[in-house]
Structures are given as structure tokens and as C-alpha cells.
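Reviewing the structure listed below.
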Amino acid sequence: MANTATSLSSCGAPAVHFNRSSENLAAAPPAKQKAKYKERGNVLAEDQIVQMSKQLETFKSNLEEFASKHKQEIRKNSQFRVQFQEMCSTIGVDPLASGKGFWSEMLGVGDFYYELGVQIIEVCLALKHRNGGLITLDELHHRVLKGRGKYAQDVSQDDLMRAIKKLKVMGNGFGMIPVGGSYLVQSVPAELNMDHTVVLQLAEKKGYVTVSEIKDSLKWEKERACHVLDHLLKEGLAWLDSQAAEEAQYWLPALFAELTSRDVTPEEANQMTP
């Protein structure tokens, strides 16, 4: 057993000092200590997993009960549907993951997004000759609503985005490109990288872009700018106005509707006129 000695601490209270001999340090071999810690850790981890699983099952059960009570509102109210989808995502539930099963049978959301996906494809195909396969999310939303009629179930842009994500299983044709505060929807299998994306973003305000604007704004070499613009022309995503006053302008037809739908100043109108 280790020897002890008593003295006064700096505060005047008795302090006990232990003489830790080698027999104290060797009381429990390090290997056995590690094994015990590991075993205890595994037990705690298993307990936590069991508790979390129970909580998750309870939450899923409550979510199913909530969906059953409010299924009509989930179907008809687009804003309510967005909030419901967000609530589902917090526990990893995806009502759109399959056309069969509980969620599809109860809510009919699988059929809803399937039909919406078909309508999105129809709109994109109808306008492909004009925009080359790029359309703003706003214009797509407007045309889908118009095609559905005023008595049809309401559709939000969030609904469109979810349906488009499901269309990706068809290949690399469908996707979304962030432009400003919204998106361009791509419906053709064109290979667009980050260079193409930033040029599309640059053209958002006026609907067109020039080589000089790309060089000045993005600090690119002329060859890099021309390579991107030539690719957009080749894919039918851009139109070339070679008769512009100062230099050639590369117009993005997907942005035309955005320009005509918002208010512009006379100065902007003059700039946008080829």
C-alpha cells in the first residue's frame, strides 16, 4: 500500500500527499482498461441507437398520422405541400422515392409528380426549337400553370424543382443551373461546365453577352471566352448577332421571356435592341 504524509496547504488546510508506488499504477493493466472502456462505449452507443430508433419510429408514426389527416390539403395546397416535404426530409423520408408504398397510396404524390414531370417535358420539347433546351424556371412555371388550367391542382416552383430532380433518372438531359436568384432549366444533354454557367449568369440582365464583357467582367483570355461562346452556339443555346453596332452579341433565347416580362428602363431597352 502506498505511504501517505500530511502537511498544510498554501491556504492553511491539511493536505494529504500520496506516495504513488509502482504497485498502484499497475493495479489494472492498460490492455484490460482499454477493453473495459471499449466495451462500455459499445454498450452506450447501442443504447443511444436504440433510443434514437424508437424516437424515429415514433416521429414517423406521427408523420403518417398527420399525413392521413391532412392529405387533402397536402394535395391541393402547394405551400402546405412544401412544408410537408421539408418536414419529411428531416427524418430521411422521401414521399417521391417510389410510385408504390404507403406514401404514394395515401397521398397520391407519386402520381402527382409523375404527371407534373410529363407536363414539364411537354413544355420543354415545345420550346426547344426557340430556346435550344434552356428555359427559366419562372417561364416554365407560367407555361405549366397555363397548360393545366385554372381548375387544376395548384403547382409551385418547389413542385417543379422536385419533379425535375426525379426526371434526372432519365439521363443527363434534365438539370437546373443557378442564375441570379432563380434557375435555368436544362432539358437537353448538353455538356455545360462552370465556365458556361458563369457566362449564362453574366448574360442574365441584358439577355446577351459579348466577348469584351466576358473578358472585362471575368478577367478571361479571349480564347477562353470564345471557346465557351462557340460551344453555346453549337448546342443551339445561343444566337449570334454579328451585325451589332460595336461587336458581335451572343443572345440567350432562354432569357428573352424574362426580359419582356419585367419592367426595363428606356436606357436598358436601347441596350437590348440589336
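The values are calculated or read from the model by the stated rules, or taken from the named source; none is laboratory data. Model, not experiment: these values are computed from the prediction. A quick note on method: Cβ atoms are made from the backbone with ideal geometry, for glycine too, and the neighbour counts reach across all protein chains shown. Ligands, DNA and RNA are excluded from the accessible area calculation, which covers all protein heavy atoms including side chains. Shrake-Rupley method; radii C 1.70, N 1.55, O 1.52, S 1.80 Å.
Computed as a quarter of the hull surface, the mean projected area of the alpha carbon convex hull for the stretch 111-171 stands at 4.1 nm².
Counting only protein chain heavy atoms and rolling a 1.4 Å probe, the accessible areas of 124, 226 rank, largest first, as 226, 124.
Express the Stokes-Einstein translational diffusion coefficient of the stretch 114-223 in µm² s⁻¹, to the nearest whole number, given a Kirkwood radius over alpha-carbon pairs, 10 °C and a viscosity of 1.306 mPa s.
Working: Rh = 15.1 Å.
It comes out at roughly 105 µm²/s.
For the stretch 176-253, count all C-alpha to C-alpha pairs, find those more than 19 Å apart, and express that count as a whole percent of the total. Don't skip to the end; give the middle numbers.
On the way: 866 of 3003 pairs.
Summing the P(r) of the stretch 176-253 above 19 Å gives 29 percent of all pairs.
Of interest is the spacing of the C-alpha centroids, which for the stretch 189-220 and the stretch 32-57 amounts to 53 Å.
Separation of the alpha carbons by more than 28 angstrom is noted, of 128/219; 69/168; 128/165; 146/168; 54/165, for 128/219; 69/168; 54/165. Database remark: amide H of residue 175 closer than 5 angstrom to the amide H of 186 (H placed geometrically; neighbours at sequence offset of 5 or more, or on other chains; Pro and chain starts carry no H). Under the shape rule built on the C-alpha gyration tensor, where the axes satisfy a ≥ b ≥ c, the stretch 160-203 is oblate, since a/c reaches at least 1.5 while a/b does not exceed b/c.
Please find the FRET efficiency linking residue 51 to residue 87, where r is the Cβ-Cβ separation and R0 is fixed at 30 Å, and quote it to the nearest 0.05. Don't skip to the end; give the middle numbers.
Details: r = 21 Å, r/R0 = 0.71.
FRET efficiency, residue 51 to residue 87: 0.90.
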